[in-house]
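Shown next, in structure tokens, is the structure this report addresses.
The values are calculated or read from the model by the stated rules, or taken from the named source; none is laboratory data. Note that the structure is predicted; figures quoted are calculated from it, not measured. Backbone-built Cβ (ideal geometry, glycine too); neighbour counts: all protein chains shown. Please note that ligands, DNA and RNA were not included when accessible areas were found on the heavy atoms of the full protein model with its side chains. Shrake-Rupley method; radii C 1.70, N 1.55, O 1.52, S 1.80 Å.
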Amino acid sequence: MASIFTSLGRTVLAGFVLLALIVLGLGANLSSIELPFLFRWIHVMVGVMWVGLLWYFNFVQIPSMPKIPDEQKPAIGKVIAPTALFWFRWAALFTVVSGMILAVLNGYAHQAFTLQAPFRAIGLGMWIALVMAFNVWFIIWPLQKRALGIVAVEPDVKAKSARVAMLVSRFNTMLSIPMLFLMVAQSHNATWFVALA
């Protein structure tokens, strides 16, 4: 059993095997799985990773950095942060792509993107998520490459890049709160948005 948990790959594979056993144990008809449901599940999984890493950076890593002795900071900047940023940006991309596929499969993509009733809430959530994903790929990641020394720059540019990346990350953290509310409210509490119809 320990060999499963000493490898991330085996742990994830075990999670999928456990899921299959649970689904089969509950007597699910696998031939009835619909594509929109599958993409909703994928969307939620990668979305959890994206927002989870966003919140890890803002609630854990950034506030902890001043408390870490200088001789230990290279471990964060050279090992932990680049790995976390890899998963962060790809989770952002897969969240957006799976969400768009889901909107197309469910037939509300046009109405949501044009903020038409009854899909204004999820449409606004989608637009906010697109802004956040843009920030991840085209602002935060290029700045973090400078701040972490992946791209060589002068010390003052490195420090400024770190600060701006942190501020944009905080902006995304702020946006994540209404984005998540709008995504969940559209599907689970439509009466909140009757006035918008």
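Selection within segment 100-116: residues that are touching a Lys or Arg at 6+ places or on another chain (Cβ under 9 Å) and not hydrophobic (A, V, I, L, M, F, W, C). The member of this set that is farthest from residue 36 (Cα to Cα) is 111. In segment 116-146, what residues are open to solvent by 20 Å² or more (accessible area, probe 1.4 Å) and at pLDDT below 95? If the condition is that a residue be open to solvent by 20 Å² or more (accessible area, probe 1.4 Å) and at pLDDT below 95, then 116, 117, 118, 119, 120 are the ones that fit.
Considering 27, 9, the condition of being under 19 Å from residue 91 (Cα atoms) and of a type outside the set (A, V, I, L, M, F, W, C) is satisfied by 9 alone. Within segment 99-118, the set of residues being in contact with a Phe, Trp or Tyr (Cβ under 7 Å, 6 or more places away or on another chain) and part of a helix (DSSP H, G or I) comprises 101, 102, 105, 111, 112. Checking 143, 130, 175, 85 one by one, the residue that is under 30 Å from residue 34 (Cβ atoms), of a type in the set (A, V, I, L, M, F, W, C) and either touching a residue at least 24 places away in the same chain (Cβ under 8 Å) or not in a helix (DSSP H, G or I) (or both) is 130 and no other. Of the residues screened, residue 165 is not one that is assigned to a helix (DSSP H, G or I) and farther than 25 Å from residue 74 by Cα.
Somewhere in segment 100-111, is a residue hydroxyl-bearing (Ser, Thr, Tyr) and either closer than 27 Å to residue 172 by Cα or touching a Ser or Thr at 6+ places or on another chain (Cβ under 8 Å) (or both)? There is at least one residue in segment 100-111 that is hydroxyl-bearing (Ser, Thr, Tyr) and either closer than 27 Å to residue 172 by Cα or touching a Ser or Thr at 6+ places or on another chain (Cβ under 8 Å) (or both). So, residue 183, is that one modelled with pLDDT of 95 or more and either under 15 Å from the mean Cα position of the chain (by Cα) or open to solvent by less than 40 Å² (accessible area, probe 1.4 Å) (or both) or not? So residue 183 does not fit the description; no.
Take the conditions surrounded by 15 or more Cβ atoms within 10 Å (Cβ to Cβ), without any contact (Cβ under 8 Å) to a residue 40 or more places away in the chain, polar (S, T, N, Q) and touching a helix residue (DSSP H, G or I) at 6+ places or on another chain (Cβ under 7 Å) and apply them to residue 161. Does it pass? It is true that residue 161 is surrounded by 15 or more Cβ atoms within 10 Å (Cβ to Cβ), without any contact (Cβ under 8 Å) to a residue 40 or more places away in the chain, polar (S, T, N, Q) and touching a helix residue (DSSP H, G or I) at 6+ places or on another chain (Cβ under 7 Å).
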